[in-house]
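To keep things clear, I will list the structure first and then write my remarks on it.
None of the figures in this text is laboratory data; all of them are computed from the coordinates on show. This one's a predicted model, so the numbers in the text were calculated from it and none came from an experiment. Please note: Cβ atoms are built from the backbone with ideal geometry, for glycine as well, and neighbour counts cover all protein chains shown.
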Amino acid sequence: MKLTNKIAVVTGASSGLGKALVELLVKEQVKVFALARSIEKTKFPTAVIKIPLNIRDLQNIDQAFDLIDQKTKKIDILVNCAGRGLVKNFEDITREEIMDIFGINLKGNIYIAQEVYKRMILKKYGHIINVISTSGLKGREAETIYCASKWGLRGFTESLKLAAHAHNIRVSAVYPGGMKSENFWKIAPQQDISQYMDPILVAKEIVNLLKSDYSILPSELVIERN
């Protein structure tokens, strides 16, 4: 399926996987709304519409979608790439860190998905992709809260897939393993990411997922390094 002239919203678009995905979608002639808190500092082709967004801020979310509604009457694609990591012993994690991780990785992604979903229902068409993590498939000793947020996003995605079927909307979950995303791994500077995946390779797989025939539902995609 060609993506030419489709309208896409990508969160977490200022770096890593989100940035790589925006750049690939532009090459596919997709009109992209790139959302992130520091998006104004990110260099993109002029066709990309950059919208600053803090997905923990409900008023900011409303403002962002008001801007999107002024520029388009439909949204065909949402890829939720926004996320924050936390590698820390459970007993040392603060309540503020717990609220922050759940605010971004779970609640924030749900807020954005709901806004896009309501607009897709009107057109009876669309594809929502939540980028989760293999930490949403298995527990990890030093990632108790991070895993909890990703398992929550997994449950939400599975349930949304069932609800969306009646509206002809596709919902998919992507579970990447470790990626070379410097901003993400600021949380654990000691982590050796030299053998981790290039975000561009993961972004290419997401584009292929978006281009799959609409008659099928590729609901889960696990991507790990060989």
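Considering the chain, its Cα convex hull presents a mean projected area of 12.0 nm².
In the chain, helical runs assigned H by DSSP with n ≥ 4 each contribute -39500 (n - 2.57); averaged across all residues and rounded to the nearest 500, the mean residue ellipticity at 222 nm is -11500 deg cm²/dmol. Considering only His127, Leu162, Ile206, and ranking their Cα positions along the charge dipole of the chain that arises from unit charges at the beta-carbon of Lys, Arg, Asp and Glu, the one farthest toward the positive end is His127.
Applying 1/(1 + (r/R0)^6) with r as the Cβ-Cβ distance of Asp66 and His165 and R0 = 25 angstrom yields a FRET efficiency of 0.30.
The simple spin-label model puts a point 7 Å past each Cα toward its Cβ; for Glu96 and Lys138 those points are separated by 3.4 nm. A protection proxy built from the mean count of other Cβ atoms within 10 Å ranks the segments 25-32, 217-224, 103-110, most packed first, as 103-110, 25-32, 217-224.
Estimated at 0.36 nm per residue, the fully extended path between Glu220 and Asn5 surpasses their Cα-Cα distance by 74.9 nm. Taking the Cα centre of segment 41-96 as reference, the dipole from Cβ charges on Lys and Arg (+1) and Asp and Glu (-1) amounts to some 320 debye. Between Lys73 and Lys41, the C-beta separation translates, for a Förster distance of 25 Å, into a calculated FRET efficiency of about 0.25.
Provide the FRET efficiency to the nearest 0.05 for the Leu58-Lys124 pair, computing r from the beta carbons and using R0 = 30 Å. The calculated FRET efficiency here is 0.65. Compute the long axis of helix 58-71 from its Cα atoms, compare it with the longest principal axis of the Cα atoms of the chain, and write down the angle in degrees, 0 to 90, nearest 10. On a 0 to 90 degree scale, this one is about 30.
Going toward the positive end of the dipole of the chain, with +1 on Lys and Arg Cβ and -1 on Asp and Glu Cβ, which of Asn89, Ser14, Pro45 do you reach last? The residue sitting most towards the positive pole is Pro45.
Could you tally the net charge around Ser133, taking each other residue with its Cβ under 12 Å from the Cβ of Ser133, Lys/Arg +1 and Asp/Glu -1? Residues close to Ser133 contribute a combined charge of +3.
Remark: the Cα gyration tensor places segment 7-46 in the prolate category, a/c being 1.5 or greater and a/b exceeding b/c. Computed from Cα atoms, the angle from the helix 109-123 axis to the main principal axis of the chain rounds to 10 degrees.
Around the Cα centre of the chain, unit charges on the Cβ atoms of Lys, Arg, Asp and Glu (plus for the first two, minus for the last two) sum to a dipole of about 840 debye.
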